[in-house]
Structures are given as C-alpha cells and as structure tokens.
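We did not get these values from a lab; they are worked out from the coordinates using the rules stated. Note that this is a predicted model, so its numbers are computed, not measured. Methodologically, a virtual Cβ is constructed for each residue, glycine included, from the backbone with ideal geometry; neighbour enumeration extends over all protein chains shown.
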Amino acid sequence: MTSSTKSPESASAKAGSPRTYHNYINGKWVKAETGETFASYNPANLEEIIGYFASSTPNDVKAAVDAAQNALKMWRSTPAPARADIILKAAYLLESRKEEIATTMVREMGKVLKEARGDVQEAIDMAKYMAGEGRRLMGQTVPSEMPNKFAMAVRQPIGVVGLITPWNFPVAIPSWKIFPALVAGNTVVFKPATDTPLCALMLVEVLIEAGLPAGVINFVTGMGAKVGMSIVDDPRVKAISLTGSTEVGRRVAGRCGELMKKVSCELGGKNAICVMPDADIELAVEGAVWGAFGTAGQRCTAASRLIVHSDVYKKFTDAFVARTKELKLGFGLDQDVTVGPVVNKSQLESINEYVQIGKKEGAKLLCGGNIVTEGDFKKGCFHEPTVFGDVKPTMRIAQEEIFGPVTAIIKVDSFEEAIEVANGTEFGLSLSMYTRDVHQAFKAIEELESGIVYINAPTIGAEIQLPFGGVKQTGNGHREAGTTAVEQFTEWKAVYIDYSGQLQKAQIDNHPTKKK
Ligand code: UN1
C-alpha cells in the first residue's frame, strides 16, 4: 500500500484520537464544502468513535458527478479486459487486507469476526468473478430474415451510475454493485451507509491502489436524504442501484420513475425456514439458529420466521430454544462470542419495540426479549437473541421485517399450509424447506414465492455466482451477482449490418403479396 492511495489523516488528528476521513472525488481526498463531519461509532461501545466522515452537501455530490461524467469517455473506451484487470488486482489487494478490513468491520458495525471475514471474502469472490466478465460481457448474434445481412446485440455502459449501499454487508454489497458497474464501463458515484463509511472507504482505497483512474469512482459520505437524493436527482446520473429499507426504496424508485431513470432496488425480506416431520430435525435446528441469529439477524435474508409442522413442533422448538440460549452475546472480536451488537441505538429500540408488539399480540416469548444493560453491555447496542412461539401468521412480528435477533415460530399442520404461510407476506427474498422427501423438495422449489430457495439449508448464505434478489415487495425485479450482475449496468444496443448493397425491407420484401 503506497501512502498516496490511503485516505490522509486530518491535520488535527492526534495519536490515538479518531481520524477524520474525506470524500474521494476526481482522484483526490477532499473535505465536504462546509468542512462538517459526522461520526461513525462502535456499536459494541458507543463511547468509541471509529472516525469522522464528510457530511456532504448537494454541491459535493455535484462535484462527484462532474468528475464521473468527465472520466466516462476515457473509461468506457478502455477495453473491458483492461478494466477487468484492475478488478482482479483489487481481488488480490482485498485478500492481502482481509484481516484488517474484517477487524474494522467488527468495530464499525458489530458482526463477529468470522462473519466479517466472510463479508470481505464475498467481495473477493465477486471481484474474481467480475474480472472474468471483462472477457465475456456476452452479447447476442442471431440470424437475419434477409440474405446478406448480419444481426447482433451488444451491451453498452449506461454512463454515470449512483450506488447507494447499506451497513449490514458493508463491503460485500458495495462489491456486488461497484465491480460489475466498472467492468461494464460505467463511472460511479458511491454513497455508503452512514453507519459504515470506514469499511466502504477501505474498498475505495483498494480500487485506487489497484490502479483505477481518477474520476472513475467517486466516494461521497453523508446523510441519505441529502446526499442520496442529490445523486438520484442529478440528470447526469443515468442509473441508481440501491440496497436498503423498503421505505427508502419506495422513495428512490418513485423519484427515479418520475425522472425515467433506471433503478434497481434490493429491499426488505421476511424469510422463513419450513420444517417438515420427515426432516433431519437436528440439522434444521442448527440451520435455524444460524439463519435467525447470524449477523444478529441483520440480514435481508435472515430467517425471521420458522414454520414448523405440528408433529415436530415441540421437538424442534425445545431444541431450538435450548440452542439459542447457548449463544454468546458480546464484542465480535472476542473469540467465543457468537452474536454481536446490533448496529445502532435506533435499531436497538425498534427491535425491542417489535418484541413488545409480539407480546401484546399474544405470541409466547420463549427466550430473550430484552435489551442488555448489565456492566459494559450498557455502553453498546445489545439485544438478547429472542424467540417467540405460538405465533400466528398474521401477527405483525410474522409479517414485518424486524432486522434484529428476533424470530417467530409458527405451527402448521401440513406441507401445503407451510407453503401458504411461507408465501403469505408482502416480501419474497429467501425461503427454505427442510425435508428428506424429494417430491416435497421439488414441490417447494416450484411453489415458494421468492428469489432464492434453499432445501435443507437456512435462508442465508447465498453465493455470488447465482442471481441474488427477490420477488414481490423485496425489490423491483432486478438481480445482483451471477450472470445477471451486469444487467442493471448495461444497455442493449441492437445492430443490423446490411452487406447486400441494396435496400432490403424487413417484414415486407421477404413476404411478397401472392398474386391471385
Ligand atoms: C443481505 O442480507 O443483505 O446470502 C445480504 C447471504 C449473504 C448476503 C446477504 N451472502 O446471507
């Protein structure tokens, strides 16, 4: 790492005190025009400030879009394999900084170290996969209906794209957007979540060190309403890719609709694991614990509903609650900790509000249910892993995304009822079925209404070589990763080359009117 690629320390930073980090615009680290900053905190100990970041204004966004627009011509005319070489270098640099970035991630958003390493690994996988895409970017060639005429469609970059990303996968999710956008020849304005600007900044540093030219990626931090919406509103930004809450998604997609701007939204989920009587119950319990409480339940794919057949309800529930009680809450860098804090105070409160709602609705609290305030825990945002039993499918805790360590067990009496309950929410990201019956497994694959289906595995853990995204209110139909990754970042251009030397009229000359 050369010193020029790293974000410079602010002149005022003293040893040991938190650093101030800047935006990255047109190849330079620059302060927000007002010089104002906001802080990023360690959710395990809110007294620890991770760093100060630029509180950007619409003018800062304008400067970022200016830079992206100016770099566009050069970048889109750089051959795709050369663009991809930079992404491959980024993969190797991410590998060499994996531990450092993962450790920062634990401090900045709370997930435990093993999972933070997985988050960085997902970005490495994506970088390697997208580097190969530089030598594909597949188009189409098809026969023409005319002689001596050639027909094909090629992918073209869209232009400047705005990428707005969440805090729960602070490196992986930006990588799903940034790498395909860049390989396809777009330039980028990147706005990360205010809870995880340092993780995002490290990803930008990696791209700079990998040799990305000035202006190709521009990094602007700050509040969503101001920074995010300024990116959306700028007419030079031709596409927006957002992962976030349904509420923000609706606002952004609505505005993009008015502006006729391409937009892809990856939003909420209310994922479920179904457990049938013939399933390996121990395996299902293990999967459910991981699916419900991995990343403290803060995944779009988290298993926040467990739909269990009445024949095995008691066996499953007893084992699941016992396993949940064994989870160890704490600081994600401590080796034996299995569940970290949630990301911030307002998330903590919103999660606990859902616990109160669940109790009021008449669900049975089987374990957990509290914000933890003993000892050092009170400095952070810790919520006990919480299980509700006897949950009715219509209760709010079974319908709304909680985004925390809370799951709801729902009893059903048949396979058909399990499918109906699983499908009975407005979301459709990830659904899972535990069964050893091959007929039921395939029936579930067919009937579950979600973008991702798992058989005998929990709802979390998607790999980057398949499409990621959901149906219904989970998004607006786009998919990230896999061979679909470049779809949202390319336009199709259909090309016809007539080498017949004469005017050939399609649909007409080859269908001459028959003489009577
Ligand atoms: C998310 O929850 O927003 O499938 C992304 C998974 C991870 C990605 C989750 N690979 O759980």
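Annotation: lysines with alpha-carbon distance below 19 angstrom to residue 364 (same-chain offsets under eight excluded): 314, 315, 325, 392, 411. For the chain, adding -39500 (n - 2.57) for each run of n ≥ 4 DSSP H residues and dividing by the number of residues yields -11000 deg cm²/dmol at 222 nm. What separates the Cα centres of segment 303-359 and segment 446-504 is a distance of 33 Å. Taking amide H atoms as placed 1.01 Å from N in the peptide plane, the amide H of residue 412 lies under 5 Å from those of 308, 309, 310, each 5 or more residues away in sequence or on another chain.
Taking every DSSP beta bridge that has both ends in the chain, the antiparallel portion is near 45%.
Expressed as a fraction of 2.2 N^0.38 Å, the C-alpha radius of gyration for segment 271-455 is 0.99. For segment 173-214, the fraction of C-alpha pairs farther apart than 16 angstrom is 33 percent. For segment 63-150, the tally of Lys pairs with Cα-Cα distances below 19 Å comes to 5, considering only residues 8 or more apart or on different chains. At q = 0.20, 0.25, 0.27 Å⁻¹ the log10 of I(q)/I(0) for segment 138-197 amounts to -0.77, -0.97, -1.05, computed by Debye summation with a single uniform scatterer per C-alpha, solvent ignored. For the chain, the relative contact order works out to 17 percent when only alpha carbon pairs closer than 8 Å and six or more residues apart are counted. Projecting the alpha carbon convex hull of the chain along each direction and taking the average yields 29.3 nm². Charges were assigned to the Cβ only: +1 to each Lys and Arg, -1 to each Asp and Glu. The resulting dipole of segment 271-455 about its Cα centre is roughly 600 debye.
Under DSSP H, which helices of the chain have Cα atoms covering 20 Å or more of the helix axis and a Kyte-Doolittle average no less than -1.0? Long hydrophobic helices here: 58-77, 80-96, 113-133. Reported to the nearest whole Å, the Cα centre-to-centre distance from segment 92-148 to segment 241-257 is 24. 3J(HN,Hα) along segment 449-457: 8, 7, x, 10, 10, 10, 10, 6, 8 Hz, from the Karplus curve 6.51 cos²θ - 1.76 cosθ + 1.60 with θ = phi - 60°, whole Hz, x for Gly and Pro. Qualifying trypsin sites (Lys or Arg not before Pro) in segment 329-425, where qualification requires a DSSP coil assignment and no more than 16 other C-beta atoms within 10 Å, are lacking entirely. Note on residue 278/residue 114: beta-carbon distance plugged into 1/(1 + (r/R0)^6) with R0 of 41 Å gives a FRET efficiency of 0.80.
Amide H contacts of residue 160 (H built 1.01 Å from N, in plane; Pro and chain starts excluded): 187, 238 sit under 5 Å, all sequence-distant by 5 or more or on other chains. Distances between placed amide hydrogens fall under 5 Å for residue 428 paired with 270, 471, 473, 474, all partners being 5 or more residues away or on another chain.
Along the axis of the charge dipole computed for the chain (Cβ charges of +1 for Lys and Arg, -1 for Asp and Glu, origin at the Cα centre), the listed residues 510, 432, 488 are led at the positive end by 510.
The alpha-carbon of residue 514 sits under 22 angstrom from the alpha-carbons of these lysines, leaving out residues fewer than 8 places away in its chain: 505.
P(r) for segment 67-197, from all Cα pairs and a bin width of 5 Å, is 2, 11, 17, 18, 17, 13, 9, 6, 3, 2, 2, 1, 0 %, short bins first. Ordering 274, 415, 445 by the projection of their Cα atoms onto the charge dipole of segment 271-455, which places +1 on the Cβ of Lys and Arg and -1 on the Cβ of Asp and Glu, puts 274 at the extreme positive end. Shown for 466, 137, 203: other C-beta atoms within 10 Å of each C-beta, ranked fewest to most, produce the order 466, 137, 203. Shown for 129, 24: other C-beta atoms within 10 Å of each C-beta, ranked fewest to most, produce the order 129, 24. By the count of neighbouring beta-carbon atoms within 10 Å, fewest first, 60, 195 end up ordered 195, 60.
Ranking 202, 324, 397 by how far each Cα lies toward the positive end of the dipole of the chain (charges on Cβ) leaves 202 at the top. Remark: the chain carries a charge dipole of roughly 1780 debye about the Cα centre, counting +1 on each Lys and Arg Cβ and -1 on each Asp and Glu Cβ.
In angstrom, the C-alpha Rg and Dmax of segment 316-395 are 13.4, 39.
Between residue 357 and residue 28, the modelled labels are 4.8 nm apart [label points 7 Å from Cα along Cα→Cβ]. Taking a point 7 Å out from the Cα of residue 437 in the direction of its Cβ, the residues of segment 305-343 whose backbone N falls within less than 16 Å of it are 308-313. In segment 361-516, inverting the average of 1/r over every pair of distinct C-alpha atoms gives 20.3 Å as the Kirkwood radius. Fully extending the segment from residue 515 to residue 73, taken as 0.36 nm per residue of separation minus the present Cα-Cα distance, adds 153.7 nm.
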